[in-house]
Structure formats: structure tokens, C-alpha cells
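Novice: The structure that follows is given in the form of C-alpha cells.
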Protein chains: 6
Amino acid sequence: MNDPVVVRQIERPSANLIADLQRYGVSTLHEAQGRRGLLASYMRPIYAGALIAGPAITVLVAPGDNLMIHVAVEVCRPGDVLLVAITSPCTDGYFGELLATSLRARGVAGLVIDAGCRDVRALTEMRFPVWSRAISAQGTVKATLGSVNVPVVCAGALVRAGDLIVADDDGVVVVKQDEVAAVTQAAEQRVRKEEDTRVRLARGELGLDIYGLRQKLSDLGLKSSS
Amino acid sequence: MNDPVVVRQIERPSANLIADLQRYGVSTLHEAQGRRGLLASYMRPIYAGALIAGPAITVLVAPGDNLMIHVAVEVCRPGDVLLVAITSPCTDGYFGELLATSLRARGVAGLVIDAGCRDVRALTEMRFPVWSRAISAQGTVKATLGSVNVPVVCAGALVRAGDLIVADDDGVVVVKQDEVAAVTQAAEQRVRKEEDTRVRLARGELGLDIYGLRQKLSDLGLKSSS
Amino acid sequence: MNDPVVVRQIERPSANLIADLQRYGVSTLHEAQGRRGLLASYMRPIYAGALIAGPAITVLVAPGDNLMIHVAVEVCRPGDVLLVAITSPCTDGYFGELLATSLRARGVAGLVIDAGCRDVRALTEMRFPVWSRAISAQGTVKATLGSVNVPVVCAGALVRAGDLIVADDDGVVVVKQDEVAAVTQAAEQRVRKEEDTRVRLARGELGLDIYGLRQKLSDLGLKSSS
Amino acid sequence: MNDPVVVRQIERPSANLIADLQRYGVSTLHEAQGRRGLLASYMRPIYAGALIAGPAITVLVAPGDNLMIHVAVEVCRPGDVLLVAITSPCTDGYFGELLATSLRARGVAGLVIDAGCRDVRALTEMRFPVWSRAISAQGTVKATLGSVNVPVVCAGALVRAGDLIVADDDGVVVVKQDEVAAVTQAAEQRVRKEEDTRVRLARGELGLDIYGLRQKLSDLGLKSSS
Amino acid sequence: MNDPVVVRQIERPSANLIADLQRYGVSTLHEAQGRRGLLASYMRPIYAGALIAGPAITVLVAPGDNLMIHVAVEVCRPGDVLLVAITSPCTDGYFGELLATSLRARGVAGLVIDAGCRDVRALTEMRFPVWSRAISAQGTVKATLGSVNVPVVCAGALVRAGDLIVADDDGVVVVKQDEVAAVTQAAEQRVRKEEDTRVRLARGELGLDIYGLRQKLSDLGLKSSS
Amino acid sequence: MNDPVVVRQIERPSANLIADLQRYGVSTLHEAQGRRGLLASYMRPIYAGALIAGPAITVLVAPGDNLMIHVAVEVCRPGDVLLVAITSPCTDGYFGELLATSLRARGVAGLVIDAGCRDVRALTEMRFPVWSRAISAQGTVKATLGSVNVPVVCAGALVRAGDLIVADDDGVVVVKQDEVAAVTQAAEQRVRKEEDTRVRLARGELGLDIYGLRQKLSDLGLKSSS
């Protein structure tokens, strides 16, 4: 029922769709799609300022075993994001400079891993972005099969191969492949509205007025005292 | 007994008192006031090097709900620090670029929140300092009342509106409003004494001698072996 | 059976051995010695880019009490690394600018502490590197004896006085004193082999081929689907 | 894209299939289906010895808000298991004696909630079983919509309405609805095989021999020393 | 400003008031007083079924140091609850069988400690109830002053000497001394209302109807699908 | 340097020494040996009331891999305690009913594991005691070598094969093999002294007087206020 498998051919959103989507950050996209698809907040970038967007190559690994990451490399295409889920919690350093070199050679945009990574100084110098649960020098073995490009739960979010992964300083979000266009549109609308709000707030107007909250507060019974 | 309320008028320490106090860092002030008033060490700045001091506008919010932060903005004056406590643990991103824009327009010095914040790249570029428990893109709703400027427990410390909040790379400390002058004086004494100690230590003198610890060690029965 | 004691004379590896070893990072050395001796991944540097290697002066302290760190300073020699273990979990700020000044005056390379430190801005400006479990302004007392240069368990790793401590952005590893030469040699071999692998990976060769994993995957029964 | 919705009609496995499956415990079923579908180990029963199996009614709630649990009650049928997922981490007490009374009146078998519950003494006396992340007296509001019977990620596992939930002292596992028969069969085979193994182990035979591990250990190069 | 002090005379609620209040559990009282005063959910009883209510004798201790608990014993009267707060997180076993014997001799109802306790088997056999953050055999020293009967923050809640502490299987709540009568009254009203609701729910009525939620759901825009 | 190895012959304390030691609980022994050798407080028994004492068979395992536990069974003798350390944090269920059956057949007293166990209901019914970090149905593989009867760090404590492990409701402590007699003697002295103290405390005498703390409090400058 659960035979390990590598799915080699996956659907990816078109380059145009990806280019459109990647103008927006994680928080905007998460809002734009109705607050779904956010990975847990323990997923942090190894250096500040990184920003990626690309289709997920999903990998399911066993604790302390990075065999399937090596398998997944072969399946990656330029612009992909490697996303590694795990069968039980582990902080080991599954990924370091050598795997980053290999992924870079294939044009992979970055790594998202619900476990640890290492060689973070070298990765930072290479500007190969990684979002991980931990940083750990602890190496892994290559003994146990897992799967590539099956649906996985990574840091609490369901990800299917080819879904778009966007990651920045706020964290990591997944956008379903068939919703990329709609989410992009919603994000654009949100950004425009926020730009207007930003100008008004910068001028000193209050959110209470802009968002029309005063009536709600009154209805809820908020009292003031001086 | 616990009706949500907004207290609009609060006492604040004088500008002179604040100016005097803010020459000292969190660790010094925490020592100077007898090791009270430190928020839990999980409260971390979103970027290194930030340093603020100002009177607290306190906000008590429900999990996943930032309604009361919007209410609190209106109460803030230039130099204030917005301090957000929560009724139960939550890591959601209550605060981002728009609220920071609004607070900056009102001259607020920074935010301390026992929950999450987002848009950290924009906040960093704006140099709007935030100390938070988490970074998370997860948004919040505006549905539940809380209170503004009532006494709160934030990250384990009791804070009353108008108490001074000081925050830097070491964390966040609260100084009671009626103790600001005394704490400033104690901090100044401590800094002077430490300056002398620093010079002696830099010269190679030992803390064992400067602090007179050798007798104590002997009394306690410490043995040496070679 | 457990009288507190300060061991004043310890064996240290020769300067040449240390110089040879410190060309390698934590992840490489951890691999080179068979994946032993890594401290827990919660031990993080207070600033990025620090790198130290030196013999351990071990200190065992009580929670909230830094008396024995002062005792240990006197025992340190240039190039040593002060390593502080604790009898039960504590995040207090045992160590700050003054102790760093004192250690620097004695030529100590850095601090590794399974507890908290403070004054991190000053420590960063001094470029005095610290790996710690927490950052906390909470000060400590000087009331309870512990030991210096006895074997300790620090963040899950056994450390004896004079063992080599190496720390960088990936964490902290301990190399047993009598294994320094052998580990250096193994690290050198590993680095050479990795350099070759890096070139091949950068060219686009796959780890699957370089590491000869295809047969193993086939033996394990991995299936492919398109 | 993510409008809150209540799906009122769901498919459930037949009573016979459920009856067959529920003869096996969580660990056995997790193994039988290839080690998929286990909820995180922080999900613990409020009292020892409880054991349930039934189709999931899934609920997605906001932090601190149990509105949708009330909505879900109406959709439950006898034998169902209410499974509550959350949009971000929260330990509040979403569920207590009154909701348990309501669920019991509808014949619901138990509750699985990735948050907190309360009234645990009353729940224990009622023998209404709950698996939760926390026990907390902190109440919740009824302000924010969520969904019922949409696919959710609960404590790291993907659950669809009508999937079978099995929970005991080892934790909680989900079995996909269309795999119930196959998993039952695999569980039965596993149990039979284990029964045989148990008898041999009880007699003093070794797992090394029963599982044929000696050759593998030899191949891997394990050394012995006396 | 923060000289350690023992306050020997405190106000306590009358025996009648306490007797009235203690008919209600923690969850009910927390609700009755507007969801204030709950200690963090990590505070757990060492055995199930314990239930206490009594005025707080507050103790503020240093990490790893139980000196002030011994000081506090002398101040306790029959029916009091000893409540121990800590200046920074610690899991040491501050309290065991001997201190329990001493407290029992003075008629103390139980202990609430934001740290660890030990001898839990003996405490369980004595039926001396303890709510703690941890169980740990690690002993403490008697070296550092703290205070008795000053206001403290314990597990996130502000407690003043003489405030009522109620603890059961759901956790620990503090009721302000001058609100005991009002909270008791509110609790009684709540219990009566819940009793009616329980009967209706047991009969099969739905919370949706009893609480009048259908209109709200409709207003919020909840959709149904079959 | 770190070749996996099974050490088959180990020294054990004599049966008489073990019998003498096991009259004391974990907290007493931890005190008696100068507060060394305690495992971290996250190590909890799967059921209350268990109590074991026996020489350690140490096992070092990889995350998610219980191969070496099977190897260790063969080395166990009646009365031994199997103690499992791990190379990096993992909560998987390494151990269940079958392994317990095998260990019981060999007369093993119990298991201490710095990871997870499963089948806890069956283990409880068998009264096979386990102290573990977690309970998890997640199974493990049998792919990676480790070692048996080498020194390990388990839950923060150094353990050598043949050291005595004592575990009860307060946790787990290790007593060095060559100190068993001395620790037993110290424990006996402590128990006698405590028995006397218990009688005096039960009579209402105060620890302040029995331990002679009043002078110390006065010297430290404790103030009283009424």
C-alpha cells in the first residue's frame, strides 16, 4: 500500500505563472489564498533576505537517512524547489555543501527541509537558500527507501509535487498548482489595496477608521475609561 | 469583573527621566533594579542592534486576534512602546508592515509582543524594531475584545501602562514607572563600578581577586589538585 | 565521592596539532571521527562566522550560579576554550562583557556554555565568540561550588579537560585529546575526497552515480513511475 | 478559494469493515499500512486504557475559537470520531463536559484534537475518551468560521472525512477509507506472525535468529570484543 | 528596591468564602471571573483526582535553591496553599517528602510550584497534592534569599499573598482575594446554567440551537455542501 | 576510531551489592552520590509505581533504527537493565511488546531509552517497566550498526556498561560500578538522618530550626515585615 516510489514526471505550473506569482511574499500569498498552506513557524531560513518560488519536488525520508534526497536530485529541473518531509521528527543535518553544489548544477532554486542542514557558512557564501527546522552537523546514512514526488505533509502542510513553494524571511507557503493563477490575482488585489492603506496609515489615519472597526467595537461593548 | 476596557489616559515618566534611563542596556537595568522585570528569554529581536526605551502601552489580546492592537494605536504617543500580552500561547503573525507604518506615523518606538510578527524583511528595512516570540506569516482575525492599558503579564513579567520598557539584543525589561529615577541612579553606579572592573580585568587581574572570592571558596571547602 | 575540585594542571594537545586540526570545520571533523562528540544542535553562536579550536577548560556549574567560571579563568591559558556544563537545565546569563574581557586578557579563544549569556552586542563588537543555549539578561549568583577540569557532559557530549573543542556556524564538536592527530588525518582525507566530488557534482554528475547508489536502490526495491 | 464550508454528506466505511479493523491497535495498524498516517506523538489520551475506532468527522478551527466544533456535532452519526485540526498552534481548552455530553447523545466514539481540552475529571468519569495536545482550562470564543469535513492536516497527518481514526494508549492513526479492508488484512497477517514470534521469544529464542539478522550484522562489519 | 523580605501577616478570605468557592472546579472559576488568572497549562498534578482551594502563601525562589520554601513554612496556616514562583526557568526538584511532612503538620492544603518536585510516590501515598512543571530528583541548595508573600508571577499568572488558589485536574487558577464572593456567585450562576444545558444536550438538542448560533453562522457566510 | 562494536563480557556489581543498593530510591541515591548521574527529567515511566535496579547493558543506536537493541538482547543476563542511548534526538517507538517478551525471557529487569517506546498497554499489563522520552507507534528499521556496552551519554548522563541503573517514579539515576558500596552506605546514612528529621517535622518542628537556617538568613540580611 505504501511501496516506496519515485514519480519521475510531474506537472509544473508554466514559467509565466511562476514569474507572476513570485512577485509576492509569503505573508501576502498566505492571505491571498485564504490562509492555507503555511508551513510551521519553526521553519527558518539559514540567512536573511533569501526569497524563492518554484515547483516542489517532494521527498519523503526516514529519520537520519538522506538516501532519497540523492534520488530526488535526478528528478529536479531548473527552477524547482526541493522539499523534504520526514516520517518522524529529526534534527540531523541531511543536507550540506555537496548536495547544494549538485542542486545548483541542476538549477534548483533552494531547499525546504523539515529536519536539519549543515555547512551553513558555505551555503550562505554560495547563496544557496535553505529553510530548515534545525542546523546540525550530525550526518545521515543512506540505508532506507522513501518516496519522491508523492504527496507529503511537511511541517504541517500538505504538499503535492508541482505545487508552488514560496519562501522568504517570514517562512514557507505552498500554493496548489491549479490555484496559482487565482492566487496571483488575489495577491495582486491585496497588494494594491494594502498600498493604498499604507499611504493613508503613513499619513496618520487610523486602522480603526480605515477598516471601519469603531462600530464593531461599540457593538461588542468595549468600554473606555480615562 | 473583567470587562474589556480601553484606558485612554495614562501617566508617563517625564522625557528627561526616559532620556536618562535609556543610556543603559537591558542587562544593566535588570541588575540595577534587583533582577526583577525581565521578560522570558524567548523574546528575541527580529534584527540585531535595535535598542529602544519608552513607556508601555499595554494590550491584552486573544489568540489569533489582533483587534485590540488597532484599538491601541490610537492611544499611542510619540516615544511609546506598544507591548502586547496574550491570554494563551499563540505564534500567529499579529503584526506586520501596515501596523508598523501606522505606529511609525504616531512616533511609536517599537513593539514587544508575546506572540508572532510577520513582514520581517520590510520591518527590518524600515528599521521598525520588534521583539517577539515567533516569526509567522499566519494572519489574525479582528473578532474578540481585549483591553488596552490594563496591567498584563507579558512573557512572564507584570507590566502596567506607563512602565518603562527597555529592549535590546539581550531581551526586554520593564522598569516600574515610580522607580525610573532610582533605577537610573543604580544603573549609573553599576556602570561606573563595572568600568573600573573592566579596566582591571583587561589588565589581567582576576575576578577572584577583584570580587574577593578566594576566602569564600576556601570557606566552602573547594579543593585543588594538580 | 563528588567533592568539588579544581584541577589546575591539564594536558593539552601540542600547538602544531591544534593548528593542523583547526583547518577543518565542525561537520567535517564530526564525520572524520565517526560521528561522535557533537554537542546538541540547540548550541548556537551569538554571531555568524565565528570559528574557534582549542583545548577545553571544563567547568561544572549549578543552575543560576557562575562562581566556578571565575575560578576557571585563573586556570586558562592562551588558546584555551572555556566550556561550561550545568547540573540541571538553566537559561540564565552566566557570562557577559566583563568575563569576556577577563578571558580575552588571558588569550582564551571563546566560550561554549550549556546555559545563557548576555551583553551579546558588546561580545559581538569585541568579536569574542560564544556558543550558548540561550541569550538572557538574567544574572547569576556566586554561592555554590562546582568543579573545574573534571569530565563533564555538556549539551549531551562527554568532554574531558584538554580535549579539543571546535565550534563554527554548524555547532560545536569535541575531539578527544589522544585522537587529534588521527582525526586530523581523517579530516584531510575526507576534504580531499569531497573536493573531487564537488567538482564532479558542479559539472552535473549525480550523487547516485558518484556514490554508486543505483544498485542499492534496485536491491532495496525502489520503483519508478512516470 | 478557501471559503469555509460544511460538507454534510460523507462516505463512511461499512460497519463490518470498522468492526474488523478495530480489533487491532494503533501500532499494529501503523505498521500494517506501511508506517503512514500516524499523528504526532504529542497527542496523548486523557486517561489510560481508552481505545476507539471510527470514521472521522473533520473540523478545522481557528486558534482560541471552537465555533466549528458546535457546527460539526450536527453532522456526527453514531460511531463517528470527531477530529479537530487547527490553523496554528494553540493549547486552549476547546472541549469539555458539555460538548462531550452532546457528542455522547449522538453516539460519537471519542475526540481527537490538536489543541487542548478541559473538564478532564468529568470526561474521565463519563469515560468519554479524548486524545489531545494539552489539558487547559482556558476557554474559547465562537467568532470565526472554519470548515467541517474538508481534508485537514491534524498533528502532522492528512485526514479526510470518513477516513478511519483509531486511537489507543500508543497514540492516533488514520487509515484511508479505501484501504480499510487491505489494512485489516495486513494487520491480521502481522498479528499472526507476531503471535508466533512472541511464543518463540518467550521461550528464549533470540530476535537475531528469528529475524535472520546475524548475516546482516556480519556483512555490515560489526565486531565483537570480550 | 527589591530587598528580599518575608511578609508575615497577610489577609486571607474568610473560611466561609473559601468553603463556598471550593465547590467549583478550575475551568468553571476561570470562566466565572472572565477568563483571567489561569496558570500555564504545563502545570500538572502529580496524581489524578486532587482538588484544593486555599489562600496563597507566595514564595519567590532562585533557580536551584529552595531556601525560601523553608522560610515560608513558618508563615503557613491550616488551609493555606504554598505557591512557589521562580526568577528564571528551572526543573529541579525543590520539594519532596520531608517538606510535605512539614507542610502537612501545619495543615497546608497543597503545593503549586513553577519548577520541579520529587519523591512523587511518597507524596502520592501521603495524598499531599502538588502541581508542578516537572518531576525531577535533582536537589537544590539553600544559599540565596528570595521573598515570601510579595506579589509574584507564577507560570504566567500574577498572584498576591492571600489570593485564593484553586487547583484540580484541569490546572491551577488564582482568584483575587477581593473578588472571591463575586466569582463564587458567578460560578454558581454558570453551573446552574450549564446544568440546564447539560440536560438538553444529553437529550439530543444541539448547541447550535441552545446557544443560538445558526443566525451567526449564516451572517458570517458559512456554506453547506452535501 | 569509532568502529561499531559489541562488548560481550562486562563486569557487574555483585548480587549482594545490588540488593543492598536497591532499597533506596532515585532521589536518595542521587543525593547520596553528590548529585551526579541523574538522567534528564524528560525520562518518564510508562506506568506509576515501577522500581528497578540493575547493571546497565548500554546500547548506542541511530535515529529510527533499533538493530542494535536486538544485538544487545543476547548479551543480557538476569537482573540487567537495558539502557539505550541515541546519536541524535528521536521519538520513534524502538521498543514494544515483542522485545519486552524477549527481555523478560532473559530475566531483564527493565528498559531505559532516550527515545520512544510503544505497545504501552501490553507493557503495562506485563508489568515490564520502561522509562522513555516519548510514547510513539512509529516503528524503526534495522539497517545501521551501533555499539553495545561502550560508554554512552544517555539523556545527559554518562553510563558505562555494568554501572548500576536505578529507576522509579522520580526518574533514572546511574551509580558508577566502583562506587556502589560507598553510595549504598551514604544512602543508608541519609535515610536514617531523614527518618529522624521526618519525625521532628511531623511533630511540627520547623526546617528552619532543624537545619539551623535562622542564623544564615540573618547573615544574608533577610528582612521581615508584618
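The values are calculated or read from the model by the stated rules, or taken from the named source; none is laboratory data. All figures in this text were calculated on a predicted structure; none of them were measured in a lab. Positions of Cβ are backbone-derived with ideal geometry, glycine not excepted, and every protein chain shown enters the neighbour counts. Each accessible area value is taken on the protein alone, full model and side chains, heavy atoms only, with ligands, DNA and RNA left out. Shrake-Rupley method; radii C 1.70, N 1.55, O 1.52, S 1.80 Å.
Novice: Can you name every residue in the stretch C:148-157 that is more than 26 Å from F:Leu60 (Cβ to Cβ) and surrounded by 24 or more Cβ atoms within 10 Å (Cβ to Cβ)?
Specialist: C:Val148
Novice: A further question on this structure: Specify the residue that is most open to solvent (accessible area, probe 1.4 Å); the eligible residues are those in the stretch F:42-60 that are within 14 Å of chain C (Cβ to nearest Cβ) and in a strand (DSSP E or B).
Specialist: The qualifying residue most open to solvent (accessible area, probe 1.4 Å) is F:Leu60.
Novice: What single numbered condition from (1) within 14 Å of chain D (Cβ to nearest Cβ); (2) surrounded by 19 or more Cβ atoms within 10 Å (Cβ to Cβ); (3) over 14 Å from the mean Cα position of the chain (by Cα) fails to hold for A:Val5?
Specialist: All conditions are met except number (2).
Novice: Please specify each residue of the stretch F:93-108 satisfying the condition of being under 15 Å from D:Glu194 (Cβ atoms) and of a type in the set (Ser, Thr, Tyr).
Specialist: Across the stretch F:93-108, the qualifying residues are F:Thr101, F:Ser102.
Novice: Pick out the one residue from D:Gly107, D:Gly49, D:Gly79 that is in contact with a Gly (Cβ under 6 Å, 6 or more places away or on another chain), over 29 Å from A:Ala155 (Cβ atoms) and among the small types (Gly, Ala, Ser).
Specialist: Step by step, each of D:Gly107, D:Gly49, D:Gly79 is checked, and only D:Gly79 is in contact with a Gly (Cβ under 6 Å, 6 or more places away or on another chain), over 29 Å from A:Ala155 (Cβ atoms) and among the small types (Gly, Ala, Ser).
Novice: I need a count of the residues in the stretch C:11-21 that are closer than 21 Å to C:Trp131 by Cβ and not in a helix (DSSP H, G or I).
Specialist: 2
Novice: Only one of (1) touching a helix residue (DSSP H, G or I) at 6+ places or on another chain (Cβ under 9 Å); (2) within 12 Å of D:Val130 (Cα to Cα) fails for D:Ala50. Which number is that?
Specialist: (1)
Novice: Which of (1) within 21 Å of C:Val174 (Cβ to Cβ); (2) touching a strand residue (DSSP E or B) at 6+ places or on another chain (Cβ under 7 Å) does C:Val141 not meet, given it meets every other one?
Specialist: C:Val141 satisfies every listed condition except (1).
Novice: Of the residues A:Ala40, A:Ala15, which single one is more than 12 Å from the chain's Cα centre (by Cα) and not basic (Lys, Arg)?
Specialist: A:Ala15
Novice: Residues D:Leu111, D:Leu103, D:Leu60: which one is under 14 Å from the mean Cα position of the chain (by Cα), aliphatic (A, V, I, L, M) and modelled with pLDDT of 95 or more?
Specialist: The match here is D:Leu111.
Novice: Something else: I'm trying to understand the selection: among the residues of the stretch C:121-170, which are away from chain E (no Cβ under 14 Å), part of a loop (DSSP other than H, G, I, E, B) and over 30 Å from B:Pro45 (Cα atoms)?
Specialist: C:Asn149, C:Val150, C:Pro151, C:Arg160, C:Ala161, C:Gly162, C:Asp163
Novice: Among the residues of the stretch F:12-43, which ones are of a type in the set (D, E, K, R) and in contact with an Asp or Glu (Cβ under 9 Å, 6 or more places away or on another chain)?
Specialist: F:Arg12, F:Asp20, F:Arg23
Novice: What is the number of the single condition among (1) surrounded by fewer than 24 Cβ atoms within 10 Å (Cβ to Cβ); (2) over 28 Å from D:Arg121 (Cα atoms); (3) of a type outside the set (Gly, Ala, Ser) that E:Gln138 does not meet?
Specialist: Against the list (1) surrounded by fewer than 24 Cβ atoms within 10 Å (Cβ to Cβ); (2) over 28 Å from D:Arg121 (Cα atoms); (3) of a type outside the set (Gly, Ala, Ser), E:Gln138 comes up short only on (1).
Novice: Tell me which residues, restricted to the stretch F:110-119, are within 8 Å of chain D (Cβ to nearest Cβ) and touching a helix residue (DSSP H, G or I) at 6+ places or on another chain (Cβ under 9 Å).
Specialist: F:Arg118, F:Asp119
Novice: Given the criterion charged (D, E, K, R) and touching a residue at least 40 places away in the same chain (Cβ under 8 Å), identify the matching residue among D:Arg77, D:Arg104. Spell out the reasoning first.
Specialist: Values: D:Arg104 fails: touching a residue at least 40 places away in the same chain (Cβ under 8 Å).
Being charged (D, E, K, R) and touching a residue at least 40 places away in the same chain (Cβ under 8 Å) holds for just one of D:Arg77, D:Arg104, which is D:Arg77.
Novice: Now for a different question. Find the residue count for the stretch C:171-196, including only residues that are assigned to a helix (DSSP H, G or I) and over 27 Å from A:Leu123 (Cβ atoms).
Specialist: Count: 6.
Novice: Could you run through the stretch E:67-79 and say how many residues are open to solvent by 10 Å² or more (accessible area, probe 1.4 Å) and either within 14 Å of chain C (Cβ to nearest Cβ) or in a helix (DSSP H, G or I) (or both)?
Specialist: Total meeting the criteria: 1.
Novice: Quick one: which of B:Ala181, B:Ala161, B:Ala187, B:Ala202 is touching a residue at least 60 places away in the same chain (Cβ under 8 Å) and over 30 Å from B:Arg133 (Cβ atoms)?
Specialist: B:Ala181
Novice: From the residues in the stretch D:197-226 that are among the charged types (D, E, K, R) and outside any helix (DSSP H, G or I), which one is most open to solvent (accessible area, probe 1.4 Å)?
Specialist: Looking at the filtered set, the residue picked out is D:Lys223.
Novice: Okay, moving on. Of the numbered conditions (1) within 15 Å of E:Ala182 (Cα to Cα); (2) within 13 Å of chain B (Cβ to nearest Cβ), E:Ala19 fails exactly one; give the number of that condition.
Specialist: E:Ala19 satisfies all of (1) within 15 Å of E:Ala182 (Cα to Cα); (2) within 13 Å of chain B (Cβ to nearest Cβ) except (2).
Novice: Still on this structure: Which one is surrounded by the fewest Cβ atoms within 10 Å (Cβ to Cβ) among residues in the stretch C:11-41 that are of a type in the set (Gly, Ala, Ser) and closer than 28 Å to C:Gly116 by Cβ?
Specialist: By that ranking, first place goes to C:Ala40.
Novice: Then there is this: From the set of residues in the stretch D:176-192 that are within 15 Å of the chain's Cα centre (by Cα) and more than 10 Å from every other protein chain (Cβ to nearest Cβ), which is surrounded by the most Cβ atoms within 10 Å (Cβ to Cβ)?
Specialist: Here the answer is D:Val180.
Novice: Please work out which one of (1) touching a Pro at 6+ places or on another chain (Cβ under 9 Å); (2) touching a residue at least 40 places away in the same chain (Cβ under 8 Å) is the condition A:Cys90 fails and give its number.
Specialist: (2)
Novice: Within the stretch D:22-41, can you find the residues that are within 11 Å of chain A (Cβ to nearest Cβ) and either at positive phi or assigned to a loop (DSSP other than H, G, I, E, B) (or both)? It would help to see each step written out before you state the result.
Specialist: Start the filter on the stretch D:22-41 by keeping residues that are within 11 Å of chain A (Cβ to nearest Cβ), which leaves D:30-41.
Hits for the stretch D:22-41 are D:Gln33, D:Gly34, D:Arg35, D:Arg36, D:Gly37, D:Leu39, D:Ala40, D:Ser41.
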